[in-house]
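The structure appears right after this line, and notes come after that.
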Amino acid sequence: MSITANEVLDAKGLACPMPIVKTKKAITNLEAGQVIEVQATDKGSTADMKAWAESTGNQYLGTIEDGDVLKHYLRKASDIEEKAETKYEDVLNLDELRNKVDGEESISVLDVRESAEYAFGHIPGAVNIPLGELEERFEELNKDEEIHVICRTGSRSDLAAQKLSEKGFKHVKNVVPGMSSWEGQTEGNQ
Amino acid sequence: MTTSITTKDLAKRVVNHEKTLILDVRNTDEFDNWKIEGGNVEVINEPYFNLLDGIEPVSGKLGKDQEVIVVCAKGGSSQMVAELLEEEGGFTNVLNLEGGMKAWSEHLEPVKIGDLKDGGSLYQFVRLGKGCLSYLVESDGEAAIIDTNRMIDIYESFAKEKGIQIKHLIDTHLHADHISGGRDLAGKVGGTYHLPPKDAAEVTFDYAALEEGNDIVVGNTKVKVQPIYSPGHTIGSTSLIIDDQYLLTGDILFVKSIGRPDLAGKAEDWVSDLRDSLYKRYKELSEDLIVLPAHYSFAEELGKGGSVSARLGDLYQQNEGLQVEDEEVFRKMVTENLPPQPNAYQEIRETNMGKITPEDDKQKEMETGPNRCAVHG
């Protein structure tokens with residue numbers, strides 16, 4: 001599975017504290033919500049990335065081991081996302097979605113998070129089109145199907161649902177709050 | 001430029017109970033798992049990455065002229081924090097621990113336990129960073145080392161300094177918490193490596209059987225090392241009586257706790273062996289024997305000069321693991337709610353069997369963290 005990031009930081013061969021010091025610097029240049037891939041060889045960097053992200057409010061998405069290189073994925077914190085009010089009215093809560101996912105009928109789930117977020121855990125069968133790519137890619141979706149849009153906290157999916165509705169999709173539901181509280185099955189790199 | 005302190009100097013302070021303040025800048029999970037303890041050490045934790053924008057998170061907790069030893073995993077982050085404290089905070093007495101916790105985990109502090117009756121001495125090597133204890137018996141120019149740790153050059157230079165020849169390398173059992181240096185050191189100095197045969201079923205190398213009846217002699221028949229079969233932590237676990245004075249209990253009996261039977265995945269099978277060893281076999285021995293275990297778990301177990309020991313008779317009064325009358329209660333105690341297993345214990349066992357030979361760095365990494373070989377009653 002390919003994971004795209006807005007920025008790739010090479011911290012290979014650097015010992016602690018440099019991977020974190022460099023990540024901290026690089027992430028200030030990103031826009032809120034963007035994803036950085038940090039390549040490091042220091043084994044201790046995984047635990048530190050996780051702890052550092054937690055203490056700064058950024059999102060630690062996960063780490064992939066590629067030979068000796070650890071690829072850490074982090075997403076810059078976004079205040080707007082945490083507080084945004086949702087406008088799209090047709091919402092579905094997680095329990096209802098879970099009943100549908102666990103049920104017999106196949107359903108369509110659209111995950112509008114960044115590909116790196118999706119890669120480290122998504123609802124089995126969910127299709128990934130990041131919010132930023134929806135404008136160009138909405139035609140990949142079937143207008144006649146009922147589409148369940150999900151993101152991490154419900155705000156990006158709210159925007160996506162509005163957009164799809166503007167494009168003439170009639171059966172769109174925004175799933176709230178989102179993957180941050182999803183307790184059902186997931187698949188992806190864990 | 002920040003001044004540094006070596007693990008050796010820090011170890012001296014710990015065993016001498018000197019007042020020492022440590023600022024550990026690793027992430028809090030690692031700190032909670034494992035930290036520098038013992039003696040008169042006070043340690044506070046603030047991850048280095050919380051100090052990148054300023055030292056406020058710690059400046060209130062520390063006096064500017066107070067001596068502070070900064071510690072991290074390998075020494076790089078602590079160096080940075082030490083510089084920040086000096087440059088931004090105007091701290092005047094900051095030291096950086098060279099090599100960090102990785103080096104601390106490898107330091108062995110030799111402590112003399114006592115003299116032997118017919119000449120010679122017994123030393124305990126205290127691995128402060130991990131709680132492992134190994135022993136060196138020397139007499140008449142010869143030495144035996146028991147439960148040798150991986151850092152064999154330390155024993156080698158110790159022997160060289162004393163002008164003694166290492167003849168026997170003995171492991172009381174197949175270790176699961178640390179990599180044995182016994183086999184390597186035996187190869188290097190041309191000594192004999194002894195291991196209990198019941199723990200050696202899967203090993204890939206030759207060894208001498210450590211069994212009751214096969215006494216080992218150090219230095220011209222002067223010092224007797226007498227194996228006593230005492231299974232329970234492993235099926236082969238064997239204790240040693242040295243010079244009729246000292247009982248080396250391996251991982252069966254510690255000063256404040258007892259061994260755990262589950263590290264080879266056979267807790268249920270080995271519980272009754274463990275109980276027999278502790279409640280019958282050891283009971284038949286002299287109460288005046290000085291118990292010298294292969295581990296300690298609590299900083300307060302470090303006694304005078306940093307040694308860890310206790311009289312067997314006293315342990316029958318004080319060690320909670322020896323006070324459990326009911327067999328079923330005992331079974332529960334040693335099989336349920338056990339502490340987490342040591343880091344990489346399966347790989348460590350395979351390394352000690354000779355099945356795998358990880359590279360040096362990997363071996364160091366496998367050994368990080370506390371030993372966790374005990375059940376605390």
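The values are calculated or read from the model by the stated rules, or taken from the named source; none is laboratory data. Please read all numbers here as calculations on a predicted model, not as lab measurements. Note: ideal-geometry Cβ built from the backbone for every residue, glycine included; neighbour counts use all protein chains shown.
The set of residues from region A:51-66 being touching a Lys or Arg at 6+ places or on another chain (Cβ under 7 Å) and within 13 Å of chain B (Cβ to nearest Cβ) comprises A:58, A:60.
Applying the set (1) modelled with pLDDT of 95 or more; (2) part of a helix (DSSP H, G or I) to residue A:38 leaves exactly one unmet item: (2).
Reported count of residues in region A:24-50, each being within 14 Å of another protein chain (Cβ to nearest Cβ) and not basic (Lys, Arg), is 13. For the criterion of being surrounded by fewer than 17 Cβ atoms within 10 Å (Cβ to Cβ) and within 19 Å of residue A:114 (Cβ to Cβ), residue A:31 passes. In region A:67-82 there is at least one residue matching the filter, namely being out of contact with any strand residue (DSSP E or B) (no Cβ under 9 Å at 6 or more places or on another chain), exposed (fewer than 13 other Cβ atoms within 10 Å of the Cβ), more than 27 Å from residue A:182 (Cα to Cα) and within 14 Å of another protein chain (Cβ to nearest Cβ). Does residue B:81 qualify as being modelled with pLDDT of 95 or more, within 21 Å of the chain's Cα centre (by Cα) and within 14 Å of another protein chain (Cβ to nearest Cβ)? No: the conditions fail for residue B:81. Residue B:241 passes every criterion in (1) farther than 24 Å from residue B:124 by Cα; (2) outside any loop (DSSP other than H, G, I, E, B); (3) of a type in the set (Val, Ile, Thr) apart from (1). When region A:1-23 is limited to residues that are closer than 22 Å to residue A:120 by Cα and within 11 Å of chain B (Cβ to nearest Cβ), the one that is nearest to the chain's Cα centre (by Cα) turns out to be A:23. All of A:43, A:87 fail the test of being surrounded by fewer than 20 Cβ atoms within 10 Å (Cβ to Cβ) and touching a strand residue (DSSP E or B) at 6+ places or on another chain (Cβ under 9 Å), apart from A:43.
Taking region B:346-371 as the range and being surrounded by fewer than 19 Cβ atoms within 10 Å (Cβ to Cβ) and under 18 Å from residue B:293 (Cβ atoms) as the test, no residue passes.
The number of residues in region B:327-345 being in a loop (DSSP other than H, G, I, E, B) and surrounded by 17 or more Cβ atoms within 10 Å (Cβ to Cβ) comes to 4.
The single residue among B:362, B:280 that is of a type in the set (Lys, Arg), closer than 18 Å to residue B:105 by Cα and in the same structural domain as residue B:123 (by TED's automatic domain parsing) turns out to be B:362. The residues of region B:192-225 that are within 17 Å of residue B:143 (Cβ to Cβ) and either out of contact with any strand residue (DSSP E or B) (no Cβ under 9 Å at 6 or more places or on another chain) or not hydrophobic (A, V, I, L, M, F, W, C) (or both), listed by number, are B:192, B:193, B:194, B:215, B:219, B:220, B:221, B:222, B:224. Whenever a residue of region B:41-70 is within 14 Å of another protein chain (Cβ to nearest Cβ), its partners that are part of a loop (DSSP other than H, G, I, E, B) and of a type in the set (Val, Ile, Thr), lying with C-beta atoms within less than 8 angstrom and at least six residues away or across chains, give the pairs B:45/B:25; B:46/B:25; B:47/B:25; B:48/B:25; B:51/B:25; B:70/B:25.
Pairs are defined by a Cβ separation below 6 Å, a sequence spacing of at least 6 or placement on different chains, a first member in region A:141-162 that is under 24 Å from residue A:105 (Cα atoms) and at pLDDT 95 or above, and a second member that is among the charged types (D, E, K, R) and not in a loop (DSSP other than H, G, I, E, B); the pairs so defined are A:148/A:173; A:150/A:111. Inspection of region B:194-207 finds a residue satisfying the criterion of being within 21 Å of residue B:357 (Cα to Cα) and either assigned to a strand (DSSP E or B) or outside the structural domain of residue B:307 (by TED's automatic domain parsing) (or both).
Just so you know, in region A:1-26 the residues that are over 29 Å from residue B:78 (Cβ atoms) and polar (S, T, N, Q) include one that is surrounded by the most Cβ atoms within 10 Å (Cβ to Cβ), and it is A:6. Applying the criterion of being in a helix (DSSP H, G or I) and in contact with a Phe, Trp or Tyr (Cβ under 8 Å, 6 or more places away or on another chain) to the residues of region B:256-276, the residue that is modelled with the highest pLDDT is B:275. The residues on offer are B:181, B:191, and the sole one that is closer than 23 Å to residue B:239 by Cβ, at pLDDT 95 or above and under 20 Å from the mean Cα position of the chain (by Cα) is B:181. Every condition in (1) farther than 24 Å from residue B:365 by Cα; (2) touching a Ser or Thr at 6+ places or on another chain (Cβ under 9 Å) holds for residue B:98 except the one numbered (1). For residue B:228, the conditions (1) assigned to a strand (DSSP E or B); (2) among the hydrophobic types (A, V, I, L, M, F, W, C); (3) buried (at least 23 other Cβ atoms within 10 Å of the Cβ) are fulfilled apart from (3).
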